[in-house]
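Down below is the structure, laid out as C-alpha cells.
The values are calculated or read from the model by the stated rules, or taken from the named source; none is laboratory data. If you're wondering where the values come from, they're calculated on a predicted model, not measured in any experiment. Cβ atoms come from the backbone with ideal geometry, glycine included; neighbour counts cover every protein chain shown. Note: areas computed on protein heavy atoms with side chains; ligands, DNA, RNA excluded. Shrake-Rupley method; radii C 1.70, N 1.55, O 1.52, S 1.80 Å.
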There are 2 protein chains.
Amino acid sequence: MTAATTVYDRDLPKTPANFLPLTPLTFLDRAAATFPARLAVVHGDRRFTYAEFDARRRRLGSALKAHGIAAGDTVSILCPNTPPMLEAHYGVPMTGGVINAINYRLSAQEIAFILDHGEAKIFIVDSEFGALARAALGQCKAKPLVIGIDDPEHEGGEVIGEIEYEAFIAKGDAAYAGEPIADEWNAIALNYTSGTTGNPKGVVFHHRGAYLAAIGNVVTAGMAANPAYLWTLPMFHCNGWCYTWAISTVAGTHVCLRKTEAARIYDAIAKHGVTHMCGAPVVMNMLVNATEAQKAAKGDRSVEFYTAAAPPPAAVLQKMEAAGFRVTHIYGLTETYGPSVINDWNEDWDALDAAERARLKARQGVKYQVLEDLAVLDPETMQPVPKDGEAMGEVFFRGNIVMKGYLKNPTATEAAFKDGWFHSGDLGVWDADGYIRLKDRSKDIIISGGENISSIEVEDVLYRHPAVFEAAVVGRPDEQWGEVAIAFVTLKPGGEASEQELIEFVRSEIARYKAPKKIVFGDLPKTSTGKVQKFKLRDQARPIGI
Amino acid sequence: MTAATTVYDRDLPKTPANFLPLTPLTFLDRAAATFPARLAVVHGDRRFTYAEFDARRRRLGSALKAHGIAAGDTVSILCPNTPPMLEAHYGVPMTGGVINAINYRLSAQEIAFILDHGEAKIFIVDSEFGALARAALGQCKAKPLVIGIDDPEHEGGEVIGEIEYEAFIAKGDAAYAGEPIADEWNAIALNYTSGTTGNPKGVVFHHRGAYLAAIGNVVTAGMAANPAYLWTLPMFHCNGWCYTWAISTVAGTHVCLRKTEAARIYDAIAKHGVTHMCGAPVVMNMLVNATEAQKAAKGDRSVEFYTAAAPPPAAVLQKMEAAGFRVTHIYGLTETYGPSVINDWNEDWDALDAAERARLKARQGVKYQVLEDLAVLDPETMQPVPKDGEAMGEVFFRGNIVMKGYLKNPTATEAAFKDGWFHSGDLGVWDADGYIRLKDRSKDIIISGGENISSIEVEDVLYRHPAVFEAAVVGRPDEQWGEVAIAFVTLKPGGEASEQELIEFVRSEIARYKAPKKIVFGDLPKTSTGKVQKFKLRDQARPIGI
C-alpha cells in the first residue's frame, strides 16, 4: 500500500514546535535544570552536583568547538570510569561530535588502528594510559590534538599531550548551549567491537538509538527516580551499556570507580548507598568471593545487579542472592547498544527451588520494550524455529536500538542487515514461553562424534563444583571425534580439585560425551569486558600440526 | 550549518533492520508475548489475561479491516472505561485507523459535529449512551457503521446499531498481525477539545508521540513492572492521558470502572491491589469525603495518585496523604498528549510543614523527560520572563509530545505553532528553581480596580474553609471596578456557611480586594474531565444588559 493522502496527512507537517530530534542530551538538560543541587558525580573525594556536572560538560563542549570539533568529528577517549569520561558523553555530542571511547586493555597497535580508522580529531587520555596512548600515537597516521587527564585519584602514570584536561575545560564556556542536532539519525558514538580476530569493526550509534536505549534501561529496570549507580561496568563498553545517559534521565548519582575490586565496590556501596550496578560474571565472582570483612560493609542493603556476557551460573546466583544482590540477566551486543534483551522475571517463578530458578534465570529472555523485534530464525530460510526449547537457530534483532551500521564498512553493514534483520551470529533456542536461550556463539558449539556439545552447558556444570572459580570450554580438533571438549579452569584460592575429579564431576551431571577430555588449570584470558577470549583458548588447545 | 556529509553519513542508511516507526502498539505485542497468563483487564466479574486481551484487540482490528477501515480512517467510540474502549486503543490503530474517543457528557449536537468533522467511518457505542448516540446520528451527515456494546455490567440503556460488539469481534481473526505503520508521523488518535465556546477543535496525535507519551508516563512515575491501574480517569480524555498505552508497557492490570464513585473506587483498590490511579481534583474530593466505612476497605495500602486540571488544594492534599494516597501534581493539555509537566518532588521538601509542602505541590512543575522544552515567555517578545515567581508570562511547549496539529484547521494549527512553540494560552510564572506555577487561563484573571486577581488564589482560600466542598471564582463586569470577583460554592453535605461568613473568611486570609463580592451556592457545571466550566459561570454572573 502506498502512503495515500488522507485527511490526517493534510496541513499537518512537522514544525519546530512539534518535531525535535530525539537525543539523550535532553535528559541531562532536564536533570540539571530540575535538580541542580543533587549529587550527580562522586569520584574519590570529589563531588559534583548536577549543576556542576552540567557546567563541566558545557565547558568541555565549547572548548572542543573552539578547537574545531563539529558535526561528524570523532573525539576519542582512553579513560577509566572517572568524571572526564562521563563529561565526554555529553560534551562531545553537544558539539555534533562523535564520542569514541576506547578499550584501554587493547594493545597500542589496536588503538592505533582505531585512531586511524575512526579519524580521531582529538584524543583525551588519562595518565594511567599515557604510555599506552603514546605508543599508539607512534604507530598511527592520525595526528589528533592530545589532551591529558591528571586525575588526583591516580598516582603515577604519565600525563601526555598538548594540554591538561582541567586547563582545557577551564577555557570553555559553562553556559554553552551546544549545536542543534540536525537529525536524530546523526551519529553520537563510535564503539569498536573487541575480542575476535582481524581488524575490529566500528559500530556507529545515533542520537535516536541512544535516547531509546537510555530510556529503555530505565523502563526495563523499573528504575525509580534518583538511583545511586556504581560504575563497575567500563564506560568504554557500549557507552556503559548506555547507562551513561540512562542515569541522568532519572537524575541519579554516578559513583565512579577507577578499578573494579571487591574492597572498593563494597566500600562504595556502603558509603554512597548504591542501588544499581552492572557487570560481567567476573564482577559477581569477585563479589561473592570477597572476604567476610569486605562484605560486612554492605549490611542489609539490597542492590540491583544487571549482568550480561554469559549466563550467571547457578552457584554464583545463589551466593549473590544470599549476599543481598538481586541479579537480573540481560543480553545484547555492541550492535544493539548493549543490552536489549532481558530475562524479565515472572513472579510465578519465585516459588520454584533455587536450581530451577537459576535455570530459568540463565536464559537470555525477551526483548526490551524499546526493541521492536527479537527472533530465533533458521538462517537459511529466515523462518522462526519452533518454540520447543530444542530447535537451534540464529538470534536476530530488528528495531530502533540496532546500530546505524559499521563505519566505512558497507560490506559488513549489508551482511549484518541482510533480509531486514540484524544477524547476531549467536545461536540459541526458543523456549515454549517465548524466552530465548543462547546455546553458544556458532563457533563455540563443539561438534563431537556428530553430537553438538554446548560449551555453556559444560561450563555451567563446572561452576557448580565447589573448588571452581572460573571455567571455559572450547573444542579441539580430533581425528577420531571431529572435535573434543577441553576445559580451562581457574580454581578458587585454597580450592583443590584434580583433573580427573572435575571430569568425573561433569560426567556425573550430564551426558558423558559432553565431559571435557582434558582440564587445563590457570588464569583465563579475557577481553576488557570480562568475556573469556575463547579464540585464544582454542589456539592453546589446538594440537601441534593442526 | 548545513548537513555536510561526514564519514558518518556515508553508507549508513536507514534499513528495515534498524529503523522502525515508533508506535505504542509494540508495547502490547511485548506484554502479550512475555506475560500471556498475567491479568490484563478486570471488569466486574470478567477477567482477561494478556493473551486474551491481545486476541480480542486483534479480532477487533481484523473485523474493522474487513469492514473497510484502513490508514487514516476514523473510528469513533462512545464508551465508558470498559474493555471495548481499551481494545479499541489497539484494535483501531493496528489497522492504520485513527481512534476518536468521544466525551459522553457532550450533547447530541456536539457529538454530531464531531462525527461529521472527524469523518467517522465506524461508530462504536455503549448501551448506556445508545439514546444519545442515536440522537447525534440523527443530526449529522456522516453515516458510519454503528456497532453497539451490550455490556453485562450495565443494566438498561439501548444497544443500537447494525451489529453487537461481541458478535462483531467474534468474526475477527485472533492472529491478525495488523497493517505495517508506514510512518511514525501517521495519526493514531483524534481528541476533540472541550469546554469552550465555538466548535471544538480536533487534536491529532501520531504514533511517535503516543509511544513517547506512554513511555514518558512510566519513566516520570518511576513505575515498576506490573502495576494495578484503576481507571478513575475517563479514557476519552487524551486517551486516558496515554495510560491506555503506558500500562501495557509495563504489563500492568487495567482495572475498569464504569462509574467514578467513592464506594466503587475503595472496593476496587481493596479487591485488585490497585497501585496507581489518575484523576481531577473532583476524584480526590470524592475520596477524602467518603464514609469511614467506605475508606476502611483500603487498609494501609499506599496508592499513587496523579492529578491534574487544577492545583490540589492544601486541605485536600493533607487529607489524601492521611488516607494513604501519594499525590503527584501533573499538568498538560490535550495538545500535549495530556500530562507533559510534573511537580517532580524534591526529597528536601519532605521536612517542610504541611502548608509549605502543599504550596510547593500546587505548582505545575517541570517538563517530562520526553518533552524537549517548556518555558514561560512574554508572548509579545517570545523572551523568557525572569525566574522570580512574579513576572507573568504565557506557558509554551516544544517537543515530540506536542500534537500533530488540529484536524482540517490550518489556521488554528499555524496560530498554535507560531514562532516554533506551542502556545498553551495558560498564564503563569517561573519560580527561581525553574518550576512553573500557573496563575490562570488568561480569561480567568480578574482585573479589578487595576489589580489582577487570580481566581485560583481565591479558590484556594475558599477550599480551606471547613464547610466548602468545591469552589470556583470568575469575574463579573462592574461599572466601578471594571470587574469584580464572584464565587460559586458547593458546600459539603451537612456543611454550613453563610455568604457573609465566606467573604469574611477570604478577607481574613488574603488582600481584601481579592475577596468575592458575592457567593452563589449550588452545584458547579463541569466538563467531562472534571474541569469547572467557567464560561458558564461567567454567563451566570453577568448582570442583565451587559
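Scanning segment A:31-41 for residues that are without any contact (Cβ under 8 Å) to a residue 12 or more places away in the chain and surrounded by 24 or more Cβ atoms within 10 Å (Cβ to Cβ) yields a count of 0.
Does segment A:313-332 hold any residues that are closer than 18 Å to A:Glu470 by Cα and in a helix (DSSP H, G or I), and which are they? Listed by number, the residues that qualify are A:Ala314, A:Ala315, A:Val316, A:Leu317, A:Gln318, A:Lys319, A:Met320. The combined condition, being at the interface with chain B (Cβ under 8 Å from one of its Cβ atoms), under 30 Å from A:Gly273 (Cβ atoms) and basic (Lys, Arg), is not fulfilled by A:Arg47. Taking the criterion of being surrounded by 19 or more Cβ atoms within 10 Å (Cβ to Cβ) and either over 21 Å from the mean Cα position of the chain (by Cα) or basic (Lys, Arg) (or both), the residues of segment B:296-324 that qualify are B:Lys298, B:Ala314.
Restricting segment A:101-133 to residues that are in a loop (DSSP other than H, G, I, E, B) and more than 14 Å from every other protein chain (Cβ to nearest Cβ) leaves a set whose member that is nearest to A:Val159 (Cα to Cα) is A:Tyr104.
In segment B:522-546, how many are closer than 19 Å to B:Lys492 by Cα and either at pLDDT 85 or above or of a type in the set (Val, Ile, Thr) (or both)? Residues flagged as closer than 19 Å to B:Lys492 by Cα and either at pLDDT 85 or above or of a type in the set (Val, Ile, Thr) (or both) within segment B:522-546 amount to 5.
Going through segment B:315-358 one residue at a time, which ones are among the charged types (D, E, K, R), closer than 21 Å to B:Gly222 by Cβ and out of contact with any helix residue (DSSP H, G or I) (no Cβ under 7 Å at 6 or more places or on another chain)? Correct list: B:Glu321, B:Arg326, B:Glu347, B:Asp348, B:Asp350. I'm trying to understand the selection: among the residues of segment A:96-112, which are surrounded by fewer than 24 Cβ atoms within 10 Å (Cβ to Cβ) and either modelled with pLDDT under 95 or in contact with a strand residue (DSSP E or B) (Cβ under 7 Å, 6 or more places away or on another chain) (or both)? Of everything in segment A:96-112, those that are surrounded by fewer than 24 Cβ atoms within 10 Å (Cβ to Cβ) and either modelled with pLDDT under 95 or in contact with a strand residue (DSSP E or B) (Cβ under 7 Å, 6 or more places away or on another chain) (or both) turn out to be A:Asn103, A:Tyr104, A:Arg105, A:Leu106, A:Ser107, A:Ala108, A:Gln109, A:Glu110.
Return the residue satisfying two criteria in turn: it lies in segment A:333-356 and is assigned to a loop (DSSP other than H, G, I, E, B) and more than 9 Å from chain B (Cβ to nearest Cβ), and of such residues it is most open to solvent (accessible area, probe 1.4 Å). The residue in question is A:Asp353. Look at B:Gly172 and say whether it is open to solvent by less than 40 Å² (accessible area, probe 1.4 Å), modelled with pLDDT of 95 or more and not in a helix (DSSP H, G or I). Here the answer is yes, as B:Gly172 does meet what is asked.
Taking B:Gly72 as the residue in question, decide whether it is among the small types (Gly, Ala, Ser), at pLDDT 95 or above and open to solvent by less than 20 Å² (accessible area, probe 1.4 Å).
yes
I'd like the full set of residues that are acidic (Asp, Glu) and under 23 Å from A:Arg59 (Cα atoms), limited to segment A:123-167. The answer is A:Asp126, A:Asp150, A:Asp151, A:Glu153, A:Glu162, A:Glu164, A:Glu166. Condition check for B:Met235 on (1) assigned to a loop (DSSP other than H, G, I, E, B); (2) touching a Pro at 6+ places or on another chain (Cβ under 9 Å); (3) within 14 Å of chain A (Cβ to nearest Cβ): one failure, at (3). Comparison of B:Leu86, B:Leu60 shows that the only residue that is farther than 22 Å from B:Ala142 by Cβ and either in a strand (DSSP E or B) or of a type in the set (A, V, I, L, M) (or both) is B:Leu86. In this structure, A:Val282 qualifies as in a helix (DSSP H, G or I), β-branched (Val, Ile, Thr) and open to solvent by 10 Å² or more (accessible area, probe 1.4 Å). The single condition from (1) surrounded by fewer than 16 Cβ atoms within 10 Å (Cβ to Cβ); (2) at pLDDT below 95; (3) not hydrophobic (A, V, I, L, M, F, W, C) that A:Pro200 fails is (1). If you check every pair at least six apart or on different chains, which have Cβ atoms under 9 Å apart with a residue in segment A:393-412 that is more than 8 Å from chain B (Cβ to nearest Cβ) and free of Cβ contacts under 8 Å to residues at least 40 places away in the same chain first and a residue that is of a type outside the set (Gly, Ala, Ser) and open to solvent by less than 10 Å² (accessible area, probe 1.4 Å) second? Listed pairs, sorted by first residue: A:Gly393/A:Val376; A:Gly393/A:Leu377; A:Gly393/A:Val429; A:Phe396/A:Val376; A:Phe396/A:Leu377; A:Phe396/A:Phe422. Selection over segment A:1-30 of residues that are in a loop (DSSP other than H, G, I, E, B), facing chain B (nearest Cβ under 8 Å), of a type in the set (S, T, N, Q) and crowded, with 22+ Cβ neighbours inside 10 Å gives a count of 1. Residues of segment A:414-427 include at least one that is more than 7 Å from chain B (Cβ to nearest Cβ), under 23 Å from A:Ala214 (Cα atoms), touching a residue at least 40 places away in the same chain (Cβ under 8 Å) and among the small types (Gly, Ala, Ser).
Only strands (runs of 3 or more DSSP E) whose full extent lies in segment A:451-532 are considered here, and the ones with at least 2 residues that are not hydrophobic (A, V, I, L, M, F, W, C) are A:451-454, A:468-478, A:482-491. None of B:Lys387, B:Lys404 is basic (Lys, Arg), out of contact with any helix residue (DSSP H, G or I) (no Cβ under 6 Å at 6 or more places or on another chain) and open to solvent by less than 30 Å² (accessible area, probe 1.4 Å) except B:Lys404.
Based on what the data block shows, is A:Ala177 open to solvent by 30 Å² or more (accessible area, probe 1.4 Å), of a type outside the set (Phe, Trp, Tyr), farther than 30 Å from A:Lys404 by Cα and at pLDDT 95 or above? Answer is no for this residue.
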